[in-house]
Amino acid sequence: MKAAVIGAGWAGLAAAVALREAGAKVTVFEAGHTPGGRARRVFHGEFDTPLDNGQHLLSGAYRHTLALMRRVGRNPDALLMRRPLRLASLDGRFRLSAPRLPAPLHLAVAVLGARGLSWSDRFGMLRLMRGLKAMSWAPPRDWTVLQLLRHYAQSDTLIRQLWDPLCLAALNTPTAQACAGLYARVLRDSLGGRREASDLLLPCTDLSALWPDAAARHLTMRYGSTVRQLQPSQDGVVVNQERFDAAVLAVPPAFAARLLDEPLREAGAGGLLDALKSFDYLPIATLNLRLAGSWRLPEPMMMLREDPARGHLGQWLFDRARLVGDDKTGELAVVASAAVGVAERNRQPVIEALIDQVAEQAARHPARLPPLPEIRAAELFIEKRATFAAVPGLTRPLNTTPWRALALAGDWTDTGYPGVLEGAVMSGLAAARTLNPRAV
Ligand SMILES: Cc1cc2nc3c(=O)[nH]c(=O)nc-3n(C[C@H](O)[C@H](O)[C@H](O)COP(=O)(O)OP(=O)(O)OC[C@H]3O[C@@H](n4cnc5c(N)ncnc54)[C@H](O)[C@@H]3O)c2cc1C
């Protein structure tokens, strides 16, 4: 089979690997110049090692992603720093740490031993987890996360301290708008599963080097090659005037809608076209900082306290120098999810406020951290359409299309997950399977 994959994000590359392993000759069309899509390497002159277009975090529950890394010869144990679930705020006021005990004991001990929570909040957390389990992790379809949290009487402190930042990290959507069902699914697979599933996996290389580079080496890659024409039929797909036996369209839904507008209308599949057009998107901002000297954080990833009125928009801080094993330098990444409106603001004040947030909260840490060293370089990446808004009632397309020869892939397809890497990989594998049942 001669197959085309359009889009070299994690979804498209997963599909390409599976199709190739099943014997297809695969050509990947990618508009950009780096494999990885929204999770890719970016070079920057003022930083010694490559950056990413945005700091990412994986979890022990990402089993399809971890298995795929191994399939292309990459060792997740060497490339990802695996840490037991530990959420600690930079100001030292909050800490939740799961011991290496079998599930669900690890979680119970973590919750009961959490610092910065009242006993009533600790029991409140356990009540929520028990309640979700009792409803088979499937809250009513139209509930927001905030409704779910209120239903289980979670206090404002607990929501602000824990559930808000976790929801932003997993769904990139604030609790007041986010879909309770998707949140429950993430909690089920991470906190409700085996202990290892709740581990945090922090990339020790750039995101393209994790596995997309290795996958691309075995594929025919056409970089800088934007697909502008797509003509699907039952027994083949014409891509930019070149015929393939089958194709996977693994681009964001708005682009898929543009490419398939006419064919879908002609096929009477207006419902799918509407679904492709119906997504809203939310941004994520990542501030990369190169410091004048080494500055070790107590944890490689720490929570930040938000104060939007002061521009303190970050929720997470990553010690990137520690992740790449560099003891001599200091490099940080500050992540601000659902950073609505940031792209429209003047960059310099946004950067300064985020640096101020880090310096101020570090100064409060009880372990008396040394002051933040001088900043040598600061680069703010803003992905305006980082993920789709994970709101209730979304109609997410399946991998199939009206044509046997064309499949859809992307984190936005009906994966059961929000817009995350694991969902992207799962969708790519599923798309490959719809074209060739031997592709797994
Ligand atoms: C800043 C940021 C932080 C994130 N943090 C996390 C995190 O911590 N954990 C997590 O799990 N997920 C995170 N995500 C989400 C994760 O990155 C995405 O879910 C995942 O990368 C989506 O992959 P995809 O293959 O579905 O789509 P994309 O990565 O968008 O891939 C689509 C590809 O198609 C290409 N393309 C588009 N149109 C065309 C065309 N016409 N012709 C050819 N090529 C085309 C694009 O260039 C792109 O490479 C984050 C995302 C961002 C942006």
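Candidates Ala15, Ala31, Ala4, Ala11: the one that is open to solvent by less than 20 Å² (accessible area, probe 1.4 Å), of a type outside the set (Lys, Arg) and within 30 Å of Glu331 (Cβ to Cβ) is Ala11. Out of curiosity, is Thr27 of a type in the set (Ser, Thr, Tyr), over 27 Å from Leu171 (Cα atoms), assigned by TED's automatic domain parsing to the domain that holds Val227 and modelled with pLDDT of 95 or more? Answer is yes for this residue. Does segment 303-316 contain at least one residue that is in contact with a His (Cβ under 9 Å, 6 or more places away or on another chain), open to solvent by 50 Å² or more (accessible area, probe 1.4 Å) and not aliphatic (A, V, I, L, M)? Looking for residues that are in contact with a His (Cβ under 9 Å, 6 or more places away or on another chain), open to solvent by 50 Å² or more (accessible area, probe 1.4 Å) and not aliphatic (A, V, I, L, M), one finds at least one in segment 303-316, hence yes. Taking every residue in segment 96-109 that is more than 18 Å from Leu158 (Cα to Cα) and pairing it with any residue that is surrounded by fewer than 16 Cβ atoms within 10 Å (Cβ to Cβ) and modelled with pLDDT of 85 or more, at least 6 positions away or on another chain, the pairs with Cβ-Cβ distances below 7 Å are Pro99/Val109; Leu101/Val109; Ala103/Arg194; His106/Pro99. Pairs meeting the criteria (first residue in segment 37-59 and among the β-branched types (Val, Ile, Thr), second residue within 12 Å of the ligand (Cβ to nearest atom), beta carbons under 7 Å, at least 6 apart or on different chains) are Val42/Leu51; Val42/Asp52; Val42/Asn53. Of the residues in segment 168-186, not one is surrounded by fewer than 17 Cβ atoms within 10 Å (Cβ to Cβ) and modelled with pLDDT under 95. Scanning segment 416-430 finds one or more residues that are surrounded by fewer than 20 Cβ atoms within 10 Å (Cβ to Cβ) and outside the structural domain of Cys167 (by TED's automatic domain parsing).
Residues in segment 199-220 that are away from the ligand (no atom under 15 Å from the Cβ) and open to solvent by less than 10 Å² (accessible area, probe 1.4 Å): Ala214 alone. For Leu408, the conditions (1) more than 16 Å from the ligand (Cβ to nearest atom); (2) not assigned by TED's automatic domain parsing to the domain that holds Pro300 are fulfilled apart from (1).
So that you can scan it fast, the table gives a plain yes or no per residue for (1) open to solvent by less than 50 Å² (accessible area, probe 1.4 Å); (2) among the charged types (D, E, K, R):
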{"position": "Ala321", "(1), (2)": "yes, no"}
{"position": "Glu331", "(1), (2)": "yes, yes"}
{"position": "Ile355", "(1), (2)": "yes, no"}
{"position": "Arg368", "(1), (2)": "no, yes"}
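Among strands (runs of 3 or more DSSP E) entirely within segment 327-440, having at least 1 residues that are touching a Pro at 6+ places or on another chain (Cβ under 7 Å) and among the small types (Gly, Ala, Ser) singles out 330-337, 375-388. Within segment 250-284, which residues are surrounded by fewer than 17 Cβ atoms within 10 Å (Cβ to Cβ) and either touching a strand residue (DSSP E or B) at 6+ places or on another chain (Cβ under 6 Å) or farther than 12 Å from Thr401 by Cα (or both)? Listed by number, the residues that qualify are Ala254, Arg258, Asp261, Glu262, Arg265, Glu266, Asp274, Lys277, Ser278, Asp280.
Meeting the requirement of 2 or more residues that are under 16 Å from the mean Cα position of the chain (by Cα), the strands (runs of 3 or more DSSP E) wholly within segment 176-260 are 200-203. Within segment 57-84, the only residue that satisfies the criterion of being within 15 Å of the ligand (Cβ to nearest atom), part of a loop (DSSP other than H, G, I, E, B) and open to solvent by 40 Å² or more (accessible area, probe 1.4 Å) is Leu57. Filtered by the rule that a residue be touching a Cys at 6+ places or on another chain (Cβ under 9 Å) and within 26 Å of Arg20 (Cβ to Cβ), segment 50-82 gives Ala78, Leu79, Leu80. Within segment 89-106, not a single residue is buried (at least 19 other Cβ atoms within 10 Å of the Cβ), within 15 Å of the ligand (Cβ to nearest atom) and under 24 Å from Ile284 (Cα atoms).
Considered as a group, the residues in segment 14-47 that are out of contact with any strand residue (DSSP E or B) (no Cβ under 8 Å at 6 or more places or on another chain) and not β-branched (Val, Ile, Thr) include one that is farthest from the ligand (Cβ to nearest atom), and that residue is Gly23. Taken over segment 1-43, the criterion of being in a helix (DSSP H, G or I), of a type in the set (A, V, I, L, M) and over 17 Å from the mean Cα position of the chain (by Cα) is satisfied by Ala15, Ala16, Val17, Ala18, Leu19. Take the conditions surrounded by fewer than 18 Cβ atoms within 10 Å (Cβ to Cβ) and either closer than 30 Å to Ala257 by Cα or of a type in the set (Ser, Thr, Tyr) (or both) and apply them to Glu360. Does it pass? The answer is no for Glu360.
The values are calculated or read from the model by the stated rules, or taken from the named source; none is laboratory data. In this text, all values refer to a predicted model and were calculated from it rather than measured experimentally. All Cβ positions, even for glycine, are placed from backbone atoms using ideal geometry, and neighbour counts span all protein chains on display. Just so you know, the surface numbers come from the protein's heavy atoms only, side chains and all, with ligands and any DNA or RNA stripped out. Shrake-Rupley method; radii C 1.70, N 1.55, O 1.52, S 1.80 Å.
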